[in-house]
Amino acid sequence: MEVNDGYSEGYVRANRELWNNSASDYVDAGYEGWLDNSPKWGVFQIPETEVGLLKEFQGGDVLELGCGTAYVSAWLARRNGNPIGIDNSPAQLATAASFQKEFKLEFPLIFGNAESLPFNDESFDFAISEYGASIWCDPYRWIPEAARVLRPGGRLVAFGNSVLLVLCQDWETQEEFETEEKLLQSQFGMFQFEDLADNSVEFHISHGEQIQLFRSCGFEVEDLIEIKPPVGTEETKYPFVDLEWASKWPAEEAWIVRKK
Ligand SMILES: C[S@@+](CC[C@H](N)C(=O)[O-])C[C@H]1O[C@@H](n2cnc3c(N)ncnc32)[C@H](O)[C@@H]1O
């Protein structure tokens, strides 16, 4: 494992501590991801055939931003990609490295901050984040970095909680795990959300600001996929949202953007 600690704000350290402490809880899910070569996304494990995040993927040099256990990189390696995974948590990367050995599929795993990438300009054809940089990094830092390291024509896919879901959670009283059927947050000014229990920090901005940010970084927005669990989807094991809520409103969303 290569080491690049890079530039670290307080929230980067807090998020590293969170993921180092919770890495053991994500080993089983990571193993399932490595084992099953049919991509399934997010907390409801929706099949790629329903979501289409990889429909334009044609292989090439790939960067996974906040790779965690790196099953997404493994899927892309098996589809003609040459992935590199970067993550802020040595414990998560250790899990990923153990799966690489077990599944005999090796690619570089870098310890670092996705807001400050240790790669040359225009080094990648495709970048992706599933609940990695897409929610744990400052969008005004990581999206310009993703734009910098992508080649012209390269795509970025960013998957995470929907804006609507975050607006329906009560972060101030730490009841964020109960997504309600009413708006509890202001959309104007939404940006940084701290979990007061462990000081970890997520970032969520409005769709309008997200579009402005992508465009200012030289991206063309190709799609915003609002995820609806198909009939037959099982209840999620994650406590912050349930299938009933997610069947009425998008709980998760994915941006697909292309560098001009
Ligand atoms: C929910 S996991 C998502 C990764 C992968 N899809 C998985 O489930 O294993 C979130 C990951 O983002 C990483 N992360 C958080 N902040 C980061 C940062 N600033 N730079 C790189 N990775 C970061 C965490 O360490 C964690 O491994």
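For N82, the amide hydrogen comes within under 5 Å of the amide hydrogens of G60, D61, V62, counting only partners 5 or more places away or on other chains and with H modelled in the peptide plane. 3J(HN,Hα) along the stretch 159-165, derived from phi through the Karplus expression 6.51 cos²θ - 1.76 cosθ + 1.60 where θ = phi - 60°, amounts to 10, x, 4, 6, 4, 4, 4 Hz, with x in place of Gly and Pro. Taking the fewest neighbouring Cβ atoms within 10 Å as the starting point, the ordered list for L109, L213 is L213, L109.
Of T179, T236, T69, T49, the sequence from fewest to most neighbouring Cβ atoms within 10 angstrom is T49, T236, T179, T69. Placing unit charges on the Cβ atoms only, positive for Lys and Arg and negative for Asp and Glu, gives the stretch 135-260 a dipole magnitude near 1160 debye about its Cα centre. Only one residue of A147, I225, I205 has its Cα farthest out toward the positive end of the dipole of the stretch 2-259, where Lys and Arg carry +1 and Asp and Glu -1 on Cβ, and that residue is A147. Among F193, C168, N113, whose Cα projects farthest towards the positive end of the dipole of the stretch 105-209, with charges put on the beta-carbon of Lys, Arg (+1) and Asp, Glu (-1)? The one lying farthest along the dipole's positive direction is N113. Pairs over the 30 Å Cα-Cα cut-off, from the set K101/K237; K101/K228; K40/K101; K55/K237: K101/K228. At q = 0.08, 0.13, 0.18 Å⁻¹ the log10 of I(q)/I(0) for the stretch 2-259 amounts to -0.28, -0.80, -1.73, computed by Debye summation with a single uniform scatterer per C-alpha, solvent ignored. Residues R148, R78, ranked from the fewest to the most other C-beta atoms within 10 Å, line up as R78, R148. In the stretch 1-159, taking the dipole from charged Cβ atoms about the Cα centre, the farthest positive-side position among S134, A14, Q100 is held by Q100. Look at where the Cα atoms of the stretch 181-201 and of the stretch 74-114 average out, and the two centres are 30 Å apart. Put a dot 7 Å past the Cα of F191, heading toward its Cβ, do the same for Y238, and the two dots end up 2.4 nm apart. Relative to the compact-globule estimate of 2.2 N^0.38 Å, the Cα radius of gyration of the stretch 68-124 comes out at 1.11. Its Cα gyration tensor gives the stretch 1-129 an equivalent ellipsoid; the semi-axes, largest first and in whole Å, are 22, 18, 14.
When Lys and Arg each count +1 and Asp and Glu each count -1, what net charge do the other residues less than 9 Å away from L65, Cβ to Cβ, add up to? The answer is -3. The slack in the chain from D198 to Q58, taken as 0.36 nm per residue of separation less the alpha-carbon distance, amounts to 46.4 nm. Prolate is the label for the stretch 147-220, because a/c, from the alpha-carbon gyration tensor with a ≥ b ≥ c as root eigenvalues, is 1.5 or above and a/b exceeds b/c. The residues neighbouring P229, those whose beta-carbon lies less than 12 Å from its own, together hold a net charge of -4 under the Lys/Arg +1, Asp/Glu -1 convention. Only the Cβ atoms of Lys and Arg (+1) and of Asp and Glu (-1) were treated as charged; on that basis the dipole of the chain about its Cα centre amounts to roughly 1100 debye. Please label the shape of the stretch 84-226 as rounded, prolate or oblate, based on the square roots a ≥ b ≥ c of the eigenvalues of the alpha-carbon gyration tensor (a/c under 1.5 means rounded; beyond that, a/b larger than b/c means prolate, else oblate). Oblate shape, in that a/c is at least 1.5 and b/c is the bigger or equal ratio. Between E48 and D25, full extension at 0.36 nm per residue minus the direct alpha carbon distance yields a gain of 5.9 nm. Sequentially through the stretch 88-93, phi angles give Karplus couplings (6.51, -1.76, 1.60; θ = phi - 60°) of 8, 10, x, 5, 5, 5 Hz, Gly and Pro residues having no value and appearing as x. Compute the Cα gyration tensor for the stretch 185-248, then decide on rounded, prolate or oblate, letting a ≥ b ≥ c be the square roots of its eigenvalues: rounded whenever a/c is under 1.5, prolate when a/b is larger than b/c in the other cases, and oblate in all that remain. Because a/c hits 1.5 or more and a/b fails to exceed b/c, the stretch 185-248 counts as oblate.
Here, each number is a calculation from the coordinates, and none is a lab measurement. Since we're looking at a predicted model, the values are computed, not measured. Here the Cβ is made from the backbone with ideal geometry for all residues, glycine too, and neighbour counts use every protein chain on show.
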